[in-house]
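Read the structure below first, then the notes.
The values are calculated or read from the model by the stated rules, or taken from the named source; none is laboratory data. From a predicted model like this one, the values you see are computed outputs, not experimental measurements. Reconstructed Cβ throughout: ideal geometry from the backbone, glycine too, with neighbour counts over all protein chains shown. What goes into the accessible areas is simple: the full protein's heavy atoms, side chains included, and nothing from ligands, DNA or RNA. Shrake-Rupley method; radii C 1.70, N 1.55, O 1.52, S 1.80 Å.
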Amino acid sequence: MGVNSAMHNEGGFSMSPKLLSVEVPNKLELELTRSCAQMCEHCSVFGAPMGTENDVSQEVLIRAIDQFAYLGGKRVVITGGEPFERGTEFVLELVRHASSRSLSTIIYTSGYPINETLAKNLAESGLSIACVSLEGSGAVHEKITRVEGSYDYARRAIRLLYDSGITVVVHFTVMSPNVEDLTHVAEAAEAEGASSLKIINFIPQGRGRANQDKLGIDDAHALLFFEEMELLKQKKSLKIEFGGQFERGKSECSIGKRITITCNGDVIPCLGVRWDKQYVFGNIKNSTLESIWCSEKFLALQHSSECICSVIWSKG
């Protein structure tokens with residue numbers, strides 16, 4: 001459905017002529033910060049404890065949510081780093097505002113900020129889905145995150161969010177250190193109430209690029225992993241599926257169909273290209289989403305079926 005149809009369905013108000021033949025963006029990703037208590041070996045943003053004072057303001061993000069709703073978008077993803085490093089009320093206000101615009105909301109978290117009160121407040125604010133990272137059994141997870149206790153608080157977060165009525169999806173990034181831990185993660189996710197387990201491909205960006213040689217898996221281990229996954233899918237009521245572009249050659253790339261705002265306000269087509277400056281198409285602090293979405297560069301991606309992420313990730 002084009003923006004023309006979306007605008008008509010939302011109330012028939014007037015729109016810019018540029019929007020008449022433009023597709024609707026299916027997702028708005030908000031990277032609130034790159035600060036995080038964890039320092040995961042595979043982190044695509046060099047996540048670590050750091051200040052957030054230079055990150056994009058709540059006022060700018062709320063304005064971006066409004067503009068995304070005007071474009072006809074339906075889904076807002078809140079990510080980081082750890083989004084709650086910006087403060088719980090900061091995040092809750094974004095969720096409330098997006099919900100007030102009839103947008104579904106998803107948040108990615110490591111789980112450490114989640115307590116019973118926050119889980120309840122997120123549910124009351126209208127959060128649709130919480131995605132919690134669980135990267136292996138206790139020792140393996142904590143070797144990857146490099147934070148003692150991170151396994152327990154990830155599992156606790158899954159349970160608290162589930163108990164609050166929020167749909168929980170567990171993210172598992174398959175790498176050399178945890179390639180044999182899939183069964184454990186599936187059992188833990190199911191035990192804590194998660195609705196599904198998403199297998200995420202390791203993206204060699206940020207700290208992950210520096211650790212690429214020790215985190216990548218070879219073909220033999222990949223084959224065994226796929227076989228284990230198929231067996232689990234037959235045995236478990238938990239939904240197990242691929243997320244992202246794990247099978248890049250077999251999956252349709254969604255670049256050009258989403259809008260991503262990084263923590264400094266840059267607007268890019270996908271988190272997978274956040275380090276390539278040629279894909280910075282503007283900054284939300286001084287441009288509107290409409291002008292960026294309708295720019296020649298973004299329009300070219302909207303009509304392209306090429307997955308540019310795999311090209312970028314393969315660069316030396």
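I65 fulfils the conditions (1) touching a residue at least 12 places away in the same chain (Cβ under 8 Å); (2) open to solvent by 10 Å² or more (accessible area, probe 1.4 Å); (3) more than 15 Å from the chain's Cα centre (by Cα) except for a single criterion, (2). Looking at V3, V45, just one residue is open to solvent by less than 10 Å² (accessible area, probe 1.4 Å), farther than 30 Å from E142 by Cα, modelled with pLDDT under 95 and not aromatic (F, W, Y), and that residue is V3.
All of I65, I106, I129 fail the test of being touching a Cys at 6+ places or on another chain (Cβ under 7 Å) and more than 17 Å from Q38 (Cβ to Cβ), apart from I106. Scanning the stretch 68-79 for residues that are part of a loop (DSSP other than H, G, I, E, B) and open to solvent by 10 Å² or more (accessible area, probe 1.4 Å) yields a count of 1. Among all residues of the stretch 19-26, there is at least one that is at pLDDT below 95, touching a helix residue (DSSP H, G or I) at 6+ places or on another chain (Cβ under 7 Å) and part of a helix (DSSP H, G or I).
Here Q278 fulfils each of the conditions (1) assigned to a loop (DSSP other than H, G, I, E, B); (2) at pLDDT 85 or above; (3) not acidic (D, E) apart from (1). Sub-6 Å Cβ pairs linking a first residue in the stretch 256-271 that is on the phi > 0 side of the Ramachandran plot to a second residue that is part of a strand (DSSP E or B) and open to solvent by 10 Å² or more (accessible area, probe 1.4 Å), at least 6 apart or interchain, are G265/N283, ordered by first then second residue. Taking the stretch 293-314 as the range and being β-branched (V, I, T) and either in contact with a helix residue (DSSP H, G or I) (Cβ under 8 Å, 6 or more places away or on another chain) or at pLDDT 85 or above (or both) as the test, the residues that pass are I308, I312.
The number of residues in the stretch 211-246 that are closer than 23 Å to K143 by Cβ, open to solvent by 30 Å² or more (accessible area, probe 1.4 Å) and in contact with a strand residue (DSSP E or B) (Cβ under 9 Å, 6 or more places away or on another chain) comes to 2.
Considering the stretch 149-192, the residues that are of a type in the set (S, T, Y) and touching a Phe, Trp or Tyr at 6+ places or on another chain (Cβ under 8 Å) include one that is surrounded by the fewest Cβ atoms within 10 Å (Cβ to Cβ), namely Y153. For the stretch 193-203, a residue qualifies if it is open to solvent by 10 Å² or more (accessible area, probe 1.4 Å) and either touching a Gly at 6+ places or on another chain (Cβ under 8 Å) or at pLDDT below 95 (or both), and the qualifying residues are K198, I200, N201, F202, I203.
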